[in-house]
Amino acid sequence: MSEPANPDRRTIRRLPENLVNRIAAGEVVERPASALKELVENAIDAGASQISVRLAEGGLSLVEVTDDGCGMRAEEIALALERHATSKLPDEAIEMVATLGFRGEALPSIASVARVTIESRAGTQGEAWARVVDHGAVVSDGPAALPPGTRVRVEDLFGKVPARRKFLRSARSEWAASLDVVRRLALARPDIGFTLEHDGRRALQVQPGDTLAARTALLVARELHDNAVAVDLVRGPFHLMGVAGLPTYNRGVADHQYLFVNGRPVKDKLLIGAVRGAYADMLARDRHAVLALFLEVPPEEVDVNVHPAKTEVRFRDPALVRGMIVSGLRQALTTGDRRSVQAPDAGAMRAWQSEPVVPAPAPQTSLFFQGYAAPRVSEAGQAWRGYEAAMMAPPAARAEPAVEAVPGHPLGVARGQIAATYIVAEAEDGLVLVDQHAAHERLVLERLRAAGAGEGAAPAQALLLPEVVELDEPSCDRLEEAAAELAAYGLALERFGPAAMLVRSVPAVLKGGPKGVDVQALVRDVADDLARNGAALLLGEKRDLVLATMACHGSVRAGRVLSVAEMNALLREMEVTPRSGQCNHGRPTWIKLAHGDIEKLFGRK
């Protein structure tokens, strides 16, 4: 007796080939820009030295990619249109892939949802051949006229798949996405020339053999030529290089961050987070850096197969990669940031209290310019001691020196104070306005960093009477866990019962002002930072958030009247301190009005 049919039982069956290709197309071909990316990557992997792209209606009606690469024979064209056929994997070592793509699904997937024409010629002696596939069906196959290389035309994308077609965006939006794809791939390969035309208008053209600096300035922003530093860091087999925009040159969106791993454009969360961490105390939270970074790693150290479009990667040692990006960016910004450091000549780097001359750093050649490398924080010790002496002096001892214009000081000499908040200084080339609280906040933070980076614990100022700070129990637990790290920076804490901490010392650098530091507020804010950022806060770059909080409590407040000696000592210290152009929250610490700008204000120009 046969088993009765069960209407709810579903039989497993093999999907037809055309449906399989359309499903694969759903992963590979989201929009015209996705198809364009696959075709340009194929051209790069074919060894092309020149790639030309033509688009119509943002790629909705036409995507055409022409290259002068190795080309294909007739039988290879037919094979390329079959699933899982590729020339990019010579063996089964899939983890060692060195090309931009290799899955062999791009061409058949695109051909299943569009009309695709492939014309190719392998070498000067080979015969050019063309094959046309319309939404999965072969329309024609025969000889063609073509110079060595390949041309692929994609027309009427999703023309017979209305359910997908209606979800595409406007031609303008699709064009913007396609332009971004070409720009990123052109950045990745300065040795290849690219031409992009849209609706008959040439939108982009770069020549093969450009330097990385020239290609980046041309494709990202021309202003980078004067607002960027070179990044170059090697750790074993890992190599990080590229161009990083100064913190003063930033954007409101993160669309101008170009990240590459082994020449592959990626939008990886780990890398984006590392960039954000590197700029954390130099940019406001709603501003984003402009940069192009290239990371070269051994193939076995990275997995590029975690995303269908290969825009995300997975590293074997993510902590190493993150730390390398953060340290590489910070090192470059410290040694090459002309806008925030403004390192002057040797004769000008003299503290206001007749301190010995600090030697000027050796000139450093960067990717874009020859400028001065910022001195290490330790080299600023002479200016710092002069500044501390001015700040600690009693009011009666703060004699006002005769202020004469001193040539060579980029930030000039102090002429006065506005609203007990802003220092007015006269420089050789204009008028300088300094936010005294923001500037001193950065100086204290860099001093704390330098102290923590040295050997042994940072100098601490012991309290005459230890202070008890009452907090809730979870906050005390977090502070107790971080006590060893905080002690390295001079903040000595002990548990004092279930809901209180005993403070025995604070960083010596925070005791510079005549009123010292509010210990209660400092400890509470540090506890808040620990709660806000989690247990891993004091690891790596996140530790700087705590240091920034400590620095804020030890800096000169707005509303405090400063003597001329104090103001000049602050200016001299800023000139020899890295990243002094921005406070710990990313706001500028000083601005300059050139003589020409002032003359324009009064109609003299």
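For the reader, a short list of remarks on this structure follows.
- Residue count for the stretch 557-605, restricted to those that are on the phi > 0 side of the Ramachandran plot and over 34 Å from the mean Cα position of the chain (by Cα): 2
- Selection within the stretch 278-293 - modelled with pLDDT of 85 or more and under 25 Å from residue 317 (Cβ atoms): 278, 279, 289, 291, 292, 293
- Test: residue in the stretch 77-91 that is at pLDDT 90 or above, of a type outside the set (Val, Ile, Thr) and surrounded by 17 or more Cβ atoms within 10 Å (Cβ to Cβ): no
- The lone exception for residue 305 - which of (1) modelled with pLDDT of 75 or more; (2) not in a strand (DSSP E or B) it fails: (1)
- Across the stretch 204-233, the number of residues qualifying as aliphatic (A, V, I, L, M) and either surrounded by fewer than 16 Cβ atoms within 10 Å (Cβ to Cβ) or closer than 24 Å to residue 46 by Cα (or both) comes to 4.
- Looking only at the stretch 580-605, and only at residues there that are out of contact with any strand residue (DSSP E or B) (no Cβ under 9 Å at 6 or more places or on another chain) and at pLDDT 80 or above, the one that is nearest to residue 428 (Cα to Cα): 599
- Among the residues of the stretch 31-64, those that are in a loop (DSSP other than H, G, I, E, B) and in contact with a strand residue (DSSP E or B) (Cβ under 7 Å, 6 or more places away or on another chain) comprise 46, 48, 49, 61.
- Taken over the stretch 578-605, the criterion of being closer than 24 Å to residue 419 by Cβ and part of a loop (DSSP other than H, G, I, E, B) is satisfied by 580, 581, 583, 584, 585, 586, 587, 589, 602.
- Set 184, 164, 189: member being touching a residue at least 40 places away in the same chain (Cβ under 8 Å), assigned by TED's automatic domain parsing to the domain that holds residue 55 and surrounded by fewer than 19 Cβ atoms within 10 Å (Cβ to Cβ): 164
- Single unsatisfied condition, residue 212 versus (1) closer than 28 Å to residue 320 by Cβ; (2) free of Cβ contacts under 8 Å to residues at least 40 places away in the same chain: (2)
- Scanning the stretch 261-294 for residues that are assigned to a strand (DSSP E or B) and either among the acidic types (Asp, Glu) or farther than 18 Å from residue 228 by Cα (or both) yields 261, 264, 265, 266.
- Of the residues in the stretch 194-207, at least one is touching a residue at least 40 places away in the same chain (Cβ under 8 Å), farther than 19 Å from residue 57 by Cα and of a type outside the set (Gly, Ala, Ser).
- The stretch 548-579: number of residues that are at pLDDT 80 or above, surrounded by 15 or more Cβ atoms within 10 Å (Cβ to Cβ) and closer than 29 Å to residue 519 by Cβ: 10
- The sole residue among 411, 465, 445 that is under 19 Å from residue 587 (Cβ atoms), hydrophobic (A, V, I, L, M, F, W, C) and outside any helix (DSSP H, G or I) is 411.
- Cβ separations smaller than 6 Å between residues 6+ apart or across chains give the following pairs from the stretch 63-79 residues that are touching a residue at least 40 places away in the same chain (Cβ under 8 Å) to residues that are charged (D, E, K, R): 64/54; 64/153; 66/151; 71/121; 77/131.
- Condition met for residue 173 (assigned to a helix (DSSP H, G or I), among the small types (Gly, Ala, Ser), surrounded by 21 or more Cβ atoms within 10 Å (Cβ to Cβ) and in contact (Cβ under 8 Å) with a residue 40 or more places away in the chain): no
- Residues considered: 202, 251. Of these, the only one that is of a type in the set (Lys, Arg), touching a strand residue (DSSP E or B) at 6+ places or on another chain (Cβ under 9 Å) and within 12 Å of residue 289 (Cβ to Cβ) is 251.
- Selection of the stretch 412-448 for residues being hydroxyl-bearing (Ser, Thr, Tyr) and closer than 13 Å to residue 592 by Cα yields only 422.
The values are calculated or read from the model by the stated rules, or taken from the named source; none is laboratory data. The shown structure was predicted, so the numbers you read here are calculated from the model rather than taken from an experiment. For neighbour counting, all protein chains shown are included, and Cβ atoms are generated from backbone atoms with ideal geometry for every residue, glycine included.
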